[in-house]
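Below is one structure; the comments refer to it alone.
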Amino acid sequence: MYALTHCTLFDGERLHRNTALVIDGDRIVALVSEQELDANLPRTGLGGAILSAGFIDLQLNGCGGVMFNDAIGTETLNIMHASNLKSGTTTFLPTLISCPDEHMHRAVAVVRDYMSRHPYRVPGLHLEGPYTNVARRGIHPAEQIRPLDAPMLEFLCDHAGAIAMLTLAPEVNNPAHLQRLSRAGIRLSMGHTGADYDQAMAGFDAGIGFATHLYNAMTPTANGRQPGAVGAVYDASGVGAGIIADGHHVHYANIRLAHRVLGERLCLVTDATAAAGAPAGFDHFDFCGAAVYLRDGKCVDDQGTLGGSALTMIDGVKNLVQQAGLPLEEALAMASRNPARMLGLDAHIGTATPGRVANLVAFDTNFNVVTIVVNGQLSS
């Protein structure tokens, strides 16, 4: 048992000063006034840093120079985890974009095994496609976008325990299939979609409860008569969304608007690629057959199409505060508490409160990560 002291603590709802966080084994057991700490309890001072629950990234294609699609295996997940820790992320959904069935089979098997050993590091797989609208494919390979067939429907439902999220387009999928996937326990997300307002709302009625990278690869609110998929997300009850705060995917004014409307249903995501946290000199990578280049912090192909991001979660939090103008508490909640709730894991992770796993990040006022705690183990 030990205590983390000399910090500003965000517990998931508000900031606390002069408050120590006590860890026993892999769990947080108490938040205590520093003046009331047992004098014999070992302490680690954080030098005035801000302490929060570790960040949770719901959409991570790759980082640290690797892409999950390129090498679907444990080593890739370990590299992604090591890179994540440098930017405060302790939980992530490895994201597989549109690819052949056999790659999806392998990804499910790899993630199922990995999450059995690291349940709060990787609580499941995010399948982004291939059951989307080719007209809104973005950089996804057109030849891989296809309808959901009966064998894959059976496979997905049979392995729902390893699939945390499935991004699809409601207008090109059978509502009965959506209902079955949702009943199996897969969280359905609307993305890469040409759905109009009515089609999106029908998708929500069939079991879709989230929107992948809000504003991107979906129909916008074109005018007062056409709310589009974005308007449907805003109008629906209980539907959440991920948003990429890198300054390239979404204007910061739209981030403020999304936060004002969605509140606790809005989650920070990176949609990161190999470029995030990559070694020095890294300037391009393969995105499922497309060459993507890192140019001025933006990941683009030869046509200028965005191919994921180079964003890290700590930089996303920084951008939410410094560029979008959100309060620090709201930015941190978008990176930790809100995604934990979306995953249904808020009883275990996502807040710095007693009973939760001691997955924590401490960072200074310049948003530099200074300390990480994983399963109660402290590192810097």
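Any read-out appearing in this document is the output of simple, stated calculations on the displayed coordinates, not a laboratory observation. Only a predicted model underlies this, so the values are computations on that prediction, with no experimental measurement involved. As a convention, Cβ positions derive from the backbone with ideal geometry for all residues, glycine included, and neighbour counts pool all protein chains shown.
Could you line up Tyr2, Tyr234 from fewest to most neighbouring Cβ atoms inside 10 Å? Let's see the in-between values first.
Values: Tyr2 15, Tyr234 19.
By the 10 Å Cβ count, ascending: Tyr2, Tyr234.
Determine ³J(HN,Hα), in whole Hz, for all residues of segment 145-159 in sequence, where each value follows from phi through the Karplus function 6.51 cos²θ - 1.76 cosθ + 1.60 and θ = phi - 60°; x replaces Gly and Pro.
In residue order, the calculated couplings are 7, 7, x, 7, 9, 4, x, 6, 4, 5, 4, 4, 5, 5, 10 Hz.
Cut-off is 10 Å between beta-carbons; in what order do Leu294, Leu125 appear when sorted fewest neighbours first?
The most exposed by this proxy come first: Leu294, Leu125.
Would you mind telling me which residue in Asp196, Asp246, Asp101 has the biggest mean-square fluctuation in a Gaussian network model of the chain, where springs connect alpha carbons within a distance under 10 angstrom?
Fluctuation is largest for Asp101.
Using alpha-carbon pairs under 8 Å, 6+ residues apart, how would you state the relative contact order of the chain in percent? Don't skip to the answer; put the middle values down first.
Working: 916 pairs, mean separation 79.0, N = 380.
This gives 21 percent for the chain.
Skipping prolines and chain starts, which residues have an amide H placed within reach, meaning under 5 Å, of the one on Leu125, given they are 5 or more residues away or on another chain?
Ile163, Ala164, Met165
Rounded to whole Hz and in sequence order, give me ³J(HN,Hα) for segment 286-301 from the Karplus expression 6.51 cos²θ - 1.76 cosθ + 1.60, θ = phi - 60°, writing x for Gly and Pro.
Residue by residue, segment 286-301 yields 9, 10, 6, x, 9, 6, 10, 10, 8, 10, 6, x, 10, 9, 9, 8 Hz.
Express as a percent, rounded to the nearest 5, the fraction of DSSP beta bridges in the chain (both residues included) that run antiparallel. Please list the in-between numbers first.
Numbers: 35 of 67 bridges.
Antiparallel bridges make up about 50 percent of those DSSP assigns within the chain.
Rounded to two decimals, what is Rg over Rh for segment 1-153 when you use alpha-carbon atoms and the Kirkwood radius?
On the way: Rg = 20.5 Å, Rh = 18.1 Å.
Dividing the radius of gyration by the Kirkwood radius yields 1.13.
Starting at the first residue of segment 36-44, write each ³J(HN,Hα) from the Karplus equation 6.51 cos²θ - 1.76 cosθ + 1.60 with θ = phi - 60°, in whole Hz, x for Gly and Pro.
9, 5, 4, 4, 8, 7, x, 10, 10
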